[in-house]
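Here the structure comes first, spelled out in structure tokens, and everything after it is commentary.
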Amino acid sequence: MRLRWATLGMLSVLLVAPTSLADPEVVTRISQFSGKQVPRFEMLKYSAVNGRTGPSRDHAVQWRYERQGLPVMIIKESANWRRVRDPSGAEVWMHARMLKAGDDVMLQADTMLKAKPDDAAKDVAFFGEGVLADLGRCDADWCQVSSKGLTGWARRSALWGADISEAGL
């Protein structure tokens, strides 16, 4: 009996152990509903998505999002609904089919993209706050991003959707 409880105890530790490389303080877990890591980033699948006060259509619409590709952080799940945090910090419930996996990020501030991941590197392009971009590879402090045919490096801290440590959980 002790062995069974010890095994279950070890399994539960593995399921809630910190797994984020960016911030060991962020605790991730695997959802029993989707089988995916929570928290995680996904993006809006459609150009009009309702954010509700609770996990059903019976709950009032709190926000109407009108930006396809907007990255949101999934922080909680039920069978068909996801509790998400948007870039402004608002938290709402969305139906799972309104979201999709993806690698889009949103710039949280006006940003000069660099040719290399270095503040002293040559300037490549200027992206304004709110621009959506495709996320490329990242290192500890920098990520490669692309939008409208332009590619360069931005500080990870300037990107919403690149770092799970933004979870604040």
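Summary of values
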| quantity | calculated |
| --- | --- |
| For region 99-154: relative contact order, % (alpha-carbon pairs under 8 angstrom, 6 or more apart) | 35 percent |
| Cα-based reach from K36 at 18 Å (exclusive), listing lysines while leaving out same-chain residues under 8 positions away | K45, K76, K100 |
| Per residue, in Å², the accessible surface of region 28-96 once ligands and nucleic acids are set aside, probe 1.4 Å | 49 Å² |
| Net length gained if the chain between D123 and A48 were fully extended (0.36 nm per residue, minus Cα distance) | 23.5 nm |
| Mean separation of Cα contacts under 8 Å, 6 or more apart, over the residue count of region 18-128: relative contact order % | 21 percent |
| Rounded, prolate or oblate (a/c below 1.5 giving rounded, otherwise prolate when a/b exceeds b/c) for region 25-169 by Cα gyration tensor | prolate |
| With every protein chain in place, region 41-169: carbon and sulfur % of accessible area (1.4 Å) | 47 percent |
| Inter-part distance where region 120-136 and region 39-110 are each reduced to a Cα centre, Å | 24 Å |
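The values are calculated or read from the model by the stated rules, or taken from the named source; none is laboratory data. Just so it is clear, the model here is predicted, and its values are computed rather than measured. In case anyone asks, the SASA skips ligands and DNA or RNA and just uses the protein heavy atoms, side chains included. Shrake-Rupley method; radii C 1.70, N 1.55, O 1.52, S 1.80 Å.
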